[in-house]
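Let me begin by presenting the structure, written as structure tokens, before commenting on it.
The values are calculated or read from the model by the stated rules, or taken from the named source; none is laboratory data. Not measured: the values here are computed from a predicted model. Reconstructed Cβ throughout: ideal geometry from the backbone, glycine too, with neighbour counts over all protein chains shown.
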Amino acid sequence: MALTISTARSVPKAAELTAVGVHKNADLPAGVDADVLASRGFDGTLGKVMIASGASGLVAIVGLGDPAELTAGSFRKVGAAIARASRRHKAIATTVLGDVDGAADVDPIAAAQALAEGLQLGAYAYNEWKSSPASYDLRRVAVVGSTAAATRKAVDIGAAIAEGQALARTLVNEPGGTLTPPELATRVQAMAKESGLKCKVMDKAAITRAKLGGVLGVNRGSTNPPRFVELTYTPKKANTATLAFVGKGITFDAGGLSIKTGQGMMTMKCDMGGAAAVIGAMSALKAAEVPVAVKAYLPMTDNMLGGDATRPGDVLRIRNGKTIEVLNTDAEGRLILADALSLASEAKPDAIIDLATLTGACMVALGPKIAGLMSNDDELAATVESAAARAGERVWRLPLPDDYRKMVDSPVADMKNIGGPHGGAITAGIILSEFVADGVSWAHLDIAGPAWTDAEDSETRKGGTGFGVRTLVELARSWA
Ligand code: BES
Ligand code: MN
Ligand code: ZN
């Protein structure tokens with residue numbers, strides 16, 4: 001359950017605990033025994049927390065690290081650490097934002113937003129299937145310091161973005177046999193109603209009429225029907241700019257007839273992580289007062305191996321008329337994204353951003369925590385890079401060289417759906433680029449690595465991470 005985060009001039013009486021920031025080698029709050037803390041290993045490292053008793057009751061001492069290295073983004077870690085350490089308390093307060101004053105380079109508004117994001121993310125838990133969930137009592141946090149309207153707004157926006165990210169996490173964490181395409185579409189409809197978005201759901205008949213041959217081809221092996229969902233956000237004040245977000249929505253990827261190994265399939269409920277990130281971001285646009293119109297395109301199917309599954313060698317005709325020879329049915333994401341990018345292109349947006357858990361090759365290249373960024377437009381790539389940096393999500397650009405196009409040449413169709421043995425993230429990107437209309441700016445984020453984590457740290461829980469939500473919202477908020 002989400003936290004209620006408020007701003008306050010001073011520590012409220014109801015606070016059972018106050019979280020206080022301490023820089024490396026700095027003095028501790030009054031009444032806290034320095035020897036006890038040191039013996040428990042507290043050294044002021046960013047994000048380290050110890051609960052101690054101070055002169056005015058319980059305090060959570062939070063490390064802020066070296067003051068010279070403090071950034072607005074540090075407060076996301078700090079917030080998450082506070083929420084985790086305080087989970088046994090219902091209502092807490094924190095004075096950590098006061099420590100921004102000493103740090104010249106830290107924007108206090110960005111810090112307030114990041115703190116709220118961290119608090120909310122640190123309190124996240126997926127308990128849907130637990131008979132006795134680990135108790136998590138934290139409900140209310142008072143952020144003590146400025147109560148200026150700008151601070152309050154930043155806290156509200158940070159909380160809304162993190163709630164969007166929590167939604168993305170939960171959608172990824174839901175099992176593939178539960179969150180089928182129709183169920184995912186139903187959840188999106190409910191979110192749209194709550195978040196002031198227009199929502200259009202296409203069923204299989206509508207998808208067939210729309211000639212989404214990629215979605216239909218991937219769906220052939222499944223008993224669950226596909227869905228294609230479009231969401232529309234229209235800002236209050238009219239603005240001519242429009243963005244399109246596209247998200248891969250494979251609700252489970254068994255690989256199709258080119259079946260995955262048992263090991264390879266274990267986390268494949270995460271294969272709608274791109275769609276989940278787009279859904280989470282869309283849910284926060286209104287609260288974040290995003291000034292541009294945004295449309296989301298979400299193709300949804302699972303990739304199974306039923307009796308009439310797409311066979312290697314089959315050819316699919318995509319929405320824009322181009323044909324793809326399917327030589328490996330496990331390279332399915334590009335097939336459904338091809339339809340979605342074609343549709344998104346038809347609306348001629350100022351930019352298309354797609355997110356997809358697309359290739360294991362991208363994880364080989366960049367590891368588990370960094371997304372691959374590919375684009376047909378250097379300026380857009382730089383804009384995405386800077387939005388991601390502000391949002392505290394790591395991306396790294398990979399090239400889309402023209403002379404690699406021949407790696408996906410097919411003897412029978414316009415292209416095949418796999419490249420050679422090397423550069424798999426790039427050849428996947430090249431295939432996607434074939435479905436972005438000429439003249440449309442497009443960026444692709446391969447989030448196969450960061451959409452999922454097996455490691456617990458302050459901001460993340462095992463499972464879905466909701467990676468991409470913050471970058472998308474930041475990009476839309478700052479779109480010029
Ligand atoms: N969904 C997978 C990619 C993936 C792998 C995401 C691991 C997250 C973690 C994708 O559909 C896939 O299977 N890609 C293949 C492509 C290959 C057959 C060309 C891959 O990466 O092996
Ligand atoms: Mn696959
Ligand atoms: Zn996949």
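Of all residues in the range 268-277, one or more are more than 16 Å from ligand 2 (Cβ to nearest atom) and within 20 Å of the chain's Cα centre (by Cα). Restricting attention to the range 383-415, the residues that are touching a strand residue (DSSP E or B) at 6+ places or on another chain (Cβ under 8 Å), aliphatic (A, V, I, L, M) and crowded, with 16+ Cβ neighbours inside 10 Å total 8.
Consider Ala134 carefully, then state whether it is surrounded by fewer than 21 Cβ atoms within 10 Å (Cβ to Cβ), more than 23 Å from Gly274 (Cβ to Cβ) and modelled with pLDDT of 95 or more.
Working: surrounded by fewer than 21 Cβ atoms within 10 Å (Cβ to Cβ): yes; more than 23 Å from Gly274 (Cβ to Cβ): yes; modelled with pLDDT of 95 or more: no.
When the stated conditions are applied, Ala134 does not pass them.
Can you name the residue in the range 137-157 that is without any contact (Cβ under 8 Å) to a residue 60 or more places away in the chain and surrounded by 14 or more Cβ atoms within 10 Å (Cβ to Cβ) and is also nearest to the chain's Cα centre (by Cα) among such residues?
The initial filter retains those residues of the range 137-157 that are without any contact (Cβ under 8 Å) to a residue 60 or more places away in the chain, namely 137, 148-150, 153-154.
Remaining after also requiring surrounded by 14 or more Cβ atoms within 10 Å (Cβ to Cβ): 153-154.
Working: Lys153: 22, Ala154: 20 Å.
The extreme case among them is Ala154.
The criterion of at least 2 residues that are polar (S, T, N, Q) is met, among helices (runs of 4 or more DSSP H) falling completely within the range 68-179, by 108-122, 149-173.
Residue-by-condition table, conditions (1) in contact (Cβ under 8 Å) with a residue 60 or more places away in the chain; (2) assigned by TED's automatic domain parsing to the domain that holds Thr147; (3) part of a loop (DSSP other than H, G, I, E, B); (4) crowded, with 19+ Cβ neighbours inside 10 Å:
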{"site": "Glu16", "(1), (2), (3), (4)": "yes, yes, yes, no"}
{"site": "Gly21", "(1), (2), (3), (4)": "yes, yes, no, yes"}
{"site": "Leu28", "(1), (2), (3), (4)": "no, yes, yes, yes"}
{"site": "Thr45", "(1), (2), (3), (4)": "no, yes, yes, no"}
{"site": "Ser53", "(1), (2), (3), (4)": "no, yes, no, no"}
{"site": "Leu58", "(1), (2), (3), (4)": "no, yes, no, no"}
{"site": "Gly63", "(1), (2), (3), (4)": "no, yes, no, yes"}
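The set of residues from the range 187-209 being closer than 19 Å to Ile250 by Cβ and under 20 Å from the mean Cα position of the chain (by Cα) comprises Arg187, Val188.
Using the structure shown, decide if Val229 is hydrophobic (A, V, I, L, M, F, W, C) and either within 16 Å of ligand 2 (Cβ to nearest atom) or over 23 Å from Ile318 (Cα atoms) (or both). Show your work before the answer.
Working: hydrophobic (A, V, I, L, M, F, W, C): yes; either within 16 Å of ligand 2 (Cβ to nearest atom) or over 23 Å from Ile318 (Cα atoms) (or both): no.
Answer is no for this residue.
Could you say whether any residue in the range 296-313 is touching a helix residue (DSSP H, G or I) at 6+ places or on another chain (Cβ under 7 Å), within 16 Å of ligand 2 (Cβ to nearest atom), touching a residue at least 24 places away in the same chain (Cβ under 8 Å) and over 23 Å from Ala451 (Cβ atoms)? Yes, because at least one residue in the range 296-313 is touching a helix residue (DSSP H, G or I) at 6+ places or on another chain (Cβ under 7 Å), within 16 Å of ligand 2 (Cβ to nearest atom), touching a residue at least 24 places away in the same chain (Cβ under 8 Å) and over 23 Å from Ala451 (Cβ atoms).
Is there a residue in the range 416-427 that is more than 13 Å from ligand 1 (Cβ to nearest atom), surrounded by 22 or more Cβ atoms within 10 Å (Cβ to Cβ), in the same structural domain as Lys248 (by TED's automatic domain parsing) and of a type in the set (S, T, N, Q)? Checked the range 416-427: no residue is more than 13 Å from ligand 1 (Cβ to nearest atom), surrounded by 22 or more Cβ atoms within 10 Å (Cβ to Cβ), in the same structural domain as Lys248 (by TED's automatic domain parsing) and of a type in the set (S, T, N, Q).
The residue pairs whose first member lies in the range 175-199 and is over 10 Å from Ile279 (Cβ atoms), whose second member is surrounded by fewer than 17 Cβ atoms within 10 Å (Cβ to Cβ) and at pLDDT 95 or above, and whose beta carbons are closer than 6 Å, counting only pairs six or more residues apart or on different chains, are Lys198/Thr232; Cys199/Gln189. Under the condition of being out of contact with any Phe, Trp or Tyr (no Cβ under 7 Å at 6 or more places or on another chain), farther than 13 Å from Leu184 by Cα and assigned to a strand (DSSP E or B), the residues counted in the range 221-246 number 5.
Filtering Met282, Met265 for residues that are free of Cβ contacts under 8 Å to residues at least 60 places away in the same chain and either in contact with a strand residue (DSSP E or B) (Cβ under 9 Å, 6 or more places away or on another chain) or more than 16 Å from ligand 2 (Cβ to nearest atom) (or both) leaves a single hit, Met265. Annotation note: Cβ proximity below 6 Å between a residue of the range 242-260 that is more than 12 Å from ligand 1 (Cβ to nearest atom) and a residue that is of a type in the set (Phe, Trp, Tyr) and at pLDDT 95 or above (sequence gap 6+ or interchain) occurs for Val246/Tyr297. Residue check: is Gln113 surrounded by 17 or more Cβ atoms within 10 Å (Cβ to Cβ) and closer than 22 Å to Leu171 by Cα? Spelling it out, it is not the case that Gln113 is surrounded by 17 or more Cβ atoms within 10 Å (Cβ to Cβ) and closer than 22 Å to Leu171 by Cα. Just a yes or no: is a residue in the range 79-95 of a type in the set (A, V, I, L, M, F, W, C), farther than 18 Å from Ile5 by Cβ and under 27 Å from the mean Cα position of the chain (by Cα)? No, the range 79-95 contains no residue that is of a type in the set (A, V, I, L, M, F, W, C), farther than 18 Å from Ile5 by Cβ and under 27 Å from the mean Cα position of the chain (by Cα).
If you filter the range 264-322 down to residues that are surrounded by 23 or more Cβ atoms within 10 Å (Cβ to Cβ) and either modelled with pLDDT under 95 or among the acidic types (Asp, Glu) (or both), you find that the one that is farthest from ligand 1 (Cβ to nearest atom) is Asp302.
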